[in-house]
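Take a look at the structure below.
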Amino acid sequence: MINIILADDHHLIIEGISKLLEDDADINIVATCENGSKVLEILPKINVDVLLLDLDMPIMNGMQCAEAVKQKYPEVKIAILTMHKENSLIQKFIEFGVNGYFLKTIQKNELTHAIKTIAAGGDYFTSDVTKALLKKQSTHPDVTQSPLLKELTRREIEIINLVAQGLSNNEIGKKLFISPRTADTHRTNIMRKLDLHNVAEIVRFAFQNKLID
């Protein structure tokens, strides 16, 4: 069972997300909060795996909350659920160490898959977000290709391309006719070889080394 906290100051949003997730037997909403301060009050009292966090909240906003949670409770996974897709915001949250960033246009199946991916120790950034990161990198085109390219297999280069386009392990598996587990193994090997730590860094590497179709 994955225990999550929802934090959003709009009750309709909380109700809507709760409704989306209530049918999934693997996900348990243990608390809802209207601001980041309430999140920090609750965290010491209950067992939480994933915090699903909005940005625009009173008293303590999502950015302040994410930074505080990562400092005090580094074991708690954080996913941002928002309407904001500004490059600077996404980059700041990645620097804080958040594990996911989704827009509120996300579909139910992708949301549950993303939560489970994060709870299992992975990162999940929706395609909207990776495209925004990719757009930022396009302003810096003159970068020398990495010598680490020679360490990669042809299949790993394919995987990097697809990850940078925002595809999940399931989607990559279907596209390349491999299992999601195999796709995840390739992703893990790629990050180890290149010393990368999240999707944002994969996107940056892909663009800098002209691996995007």
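Among (1) part of a loop (DSSP other than H, G, I, E, B); (2) touching a helix residue (DSSP H, G or I) at 6+ places or on another chain (Cβ under 6 Å); (3) not aromatic (Phe, Trp, Tyr), where does HIS197 come up short?
That leaves (2) as the condition not met.
Being out of contact with any Pro (no Cβ under 7 Å at 6 or more places or on another chain) and surrounded by 23 or more Cβ atoms within 10 Å (Cβ to Cβ) is true for just one of VAL129, VAL76. Which residue is that? Step through it out loud before you land on a result.
Details: VAL76 fails: surrounded by 23 or more Cβ atoms within 10 Å (Cβ to Cβ).
On inspection, the qualifying residue turns out to be VAL129.
Have a look at LEU81, LEU134, LEU55, LEU103 and point out the one that is modelled with pLDDT of 90 or more, more than 24 Å from ALA25 (Cβ to Cβ) and under 16 Å from the mean Cα position of the chain (by Cα). Walk me through it before giving the result.
On the way: LEU81 fails: more than 24 Å from ALA25 (Cβ to Cβ); LEU134 fails: modelled with pLDDT of 90 or more; LEU103 fails: modelled with pLDDT of 90 or more.
Sole residue among the options that is modelled with pLDDT of 90 or more, more than 24 Å from ALA25 (Cβ to Cβ) and under 16 Å from the mean Cα position of the chain (by Cα): LEU55.
Output the residue which, of all residues in the range 35-73 that are within 14 Å of ASN99 (Cα to Cα) and of a type in the set (Val, Ile, Thr), is surrounded by the fewest Cβ atoms within 10 Å (Cβ to Cβ).
VAL50
Hey, ILE178 hits all of (1) modelled with pLDDT of 80 or more; (2) of a type in the set (Val, Ile, Thr); (3) assigned to a helix (DSSP H, G or I) but one; which does it fall short on?
Tallying (1) modelled with pLDDT of 80 or more; (2) of a type in the set (Val, Ile, Thr); (3) assigned to a helix (DSSP H, G or I), ILE178 fails exactly one: (3).
What do you reckon, is HIS197 under 20 Å from VAL98 (Cβ atoms) and not aromatic (Phe, Trp, Tyr)?
Numbers: under 20 Å from VAL98 (Cβ atoms): yes; not aromatic (Phe, Trp, Tyr): yes.
Yes.
Give me the pairs, please: first residue somewhere in the range 170-195 and touching a residue at least 60 places away in the same chain (Cβ under 8 Å), second residue anywhere and crowded, with 19+ Cβ neighbours inside 10 Å and not hydrophobic (A, V, I, L, M, F, W, C), beta-carbon distance under 7 Å, and either six or more positions apart or on two chains.
Close Cβ pairs (under 7 Å, with a partner that is crowded, with 19+ Cβ neighbours inside 10 Å and not hydrophobic (A, V, I, L, M, F, W, C)) amount to ASP184/ASN169.
Given the structure, is ASP26 among the acidic types (Asp, Glu) and loosely packed, with under 15 Cβ neighbours inside 10 Å?
Numbers: among the acidic types (Asp, Glu): yes; loosely packed, with under 15 Cβ neighbours inside 10 Å: yes.
Yes; evaluated as a whole, the condition is true for this residue.
If THR32 meets every condition in (1) among the β-branched types (Val, Ile, Thr); (2) at pLDDT below 95; (3) farther than 21 Å from GLN165 by Cβ apart from one, which number is that one?
It fails just one condition, (2).
Taking the range 191-200 as the search range and keeping residues that are modelled with pLDDT of 80 or more and surrounded by 15 or more Cβ atoms within 10 Å (Cβ to Cβ), which one is farthest from the chain's Cα centre (by Cα)?
So the residue we want is LEU194.
Answer yes or no: is there a residue in the range 117-126 that is acidic (Asp, Glu) and either assigned to a helix (DSSP H, G or I) or more than 24 Å from ASN161 (Cβ to Cβ) (or both). Lay out the reasoning, then the answer.
Filtering the range 117-126 down to residues acidic (Asp, Glu) leaves 123.
Retained after the next criterion (residues that are either assigned to a helix (DSSP H, G or I) or more than 24 Å from ASN161 (Cβ to Cβ) (or both)): none.
Among the residues of the range 117-126, not one is acidic (Asp, Glu) and either assigned to a helix (DSSP H, G or I) or more than 24 Å from ASN161 (Cβ to Cβ) (or both), which makes the answer no.
The values are calculated or read from the model by the stated rules, or taken from the named source; none is laboratory data. Just so we're clear, the structure is a prediction, and the values are computed from it rather than from any experiment. Backbone-built Cβ (ideal geometry, glycine too); neighbour counts: all protein chains shown.
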